[in-house]
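A.B. asks: Sharing a structure, written as structure tokens. Questions coming.
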Amino acid sequence: MSTSDNSGRRQNLVEKKVRELCYDLTFERYGADISPPIVDRLEYELDVIAENNYCAVYLIAYWLTNECRQKCVPFITKGNSGSSMLAFVLGITHVNPMPMHYYCPGCGYTDFNIGKYHSGSARYGTDLRKAVCPECGEEMTGDRVRYTV
Ligand SMILES: [Zn+2]
């Protein structure tokens, strides 16, 4: 069974479910005003997994990791999910693959222009200097863990 998206491309119900879940959780994390680089990355990954019929794999991984989280069962994901924004917003991995940026846990404000808040060097988002969110005044955190040197 399938439906069509706005572009007329046919979507199966699993793909539709993954897209809805992805955007529901992305809105939950980043608020209604999602930064364009994040939307671009999600759309790219959603298209790739749909074209390669991996939507069910991501949906099953989401259900399994969500169940583990609810039952306090430790889990770790292996493989290339560490470089997937889709896996990050679905909670399959804790690694945010986007370039280093500031993120406000209070309102979801995101800023990739780290030079506005941080001078000097930083290797990981977590070692960025603390900064105040220009939208809500809460303390922002640096996001991104880089695997490569
Ligand atoms: Zn904020």
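The values are calculated or read from the model by the stated rules, or taken from the named source; none is laboratory data. As the structure is a computational prediction, the values presented were derived from the model and not from experiment. Because the Cβ atoms are built from the backbone with ideal geometry, glycine has one as well, and the counts that use them run over all protein chains shown.
A.B. asks: Has region 38-60 got any residue that is within 16 Å of the ligand (Cβ to nearest atom), in the same structural domain as Glu20 (by TED's automatic domain parsing) and either assigned to a strand (DSSP E or B) or closer than 21 Å to Val18 by Cα (or both)?
C.D. replies: Yes, region 38-60 has at least one match.
Every residue, every condition in (1) assigned to a helix (DSSP H, G or I); (2) under 15 Å from Val39 (Cα atoms); (3) over 17 Å from the mean Cα position of the chain (by Cα), yes or no:
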residue	(1), (2), (3)
Trp63	yes, no, no
Asn66	yes, no, no
Cys72	no, no, yes
Leu86	yes, yes, no
Tyr102	no, no, no
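A.B. asks: Does region 62-82 contain at least one residue that is hydrophobic (A, V, I, L, M, F, W, C) and buried (at least 19 other Cβ atoms within 10 Å of the Cβ)?
C.D. replies: Among the residues of region 62-82, not one is hydrophobic (A, V, I, L, M, F, W, C) and buried (at least 19 other Cβ atoms within 10 Å of the Cβ), which makes the answer no.
A.B. asks: Give region 98-118 a look and list any residue that's free of Cβ contacts under 8 Å to residues at least 60 places away in the same chain and more than 14 Å from the ligand (Cβ to nearest atom), or say none.
C.D. replies: Met100, Asn113, Ile114, Gly115, Lys116, His118, listed by residue number.
A.B. asks: Regarding Cys55, is this residue touching a residue at least 12 places away in the same chain (Cβ under 8 Å), touching a helix residue (DSSP H, G or I) at 6+ places or on another chain (Cβ under 6 Å) and surrounded by 16 or more Cβ atoms within 10 Å (Cβ to Cβ)?
C.D. replies: Criteria met by Cys55.
A.B. asks: Just the residues that are exposed (fewer than 15 other Cβ atoms within 10 Å of the Cβ) and within 10 Å of the ligand (Cβ to nearest atom), please, taken from region 119-135.
C.D. replies: Val132, Pro134
A.B. asks: What number of residues within region 26-62 satisfy the criterion of being in contact with a His (Cβ under 9 Å, 6 or more places away or on another chain) and of a type in the set (Gly, Ala, Ser)?
C.D. replies: 1
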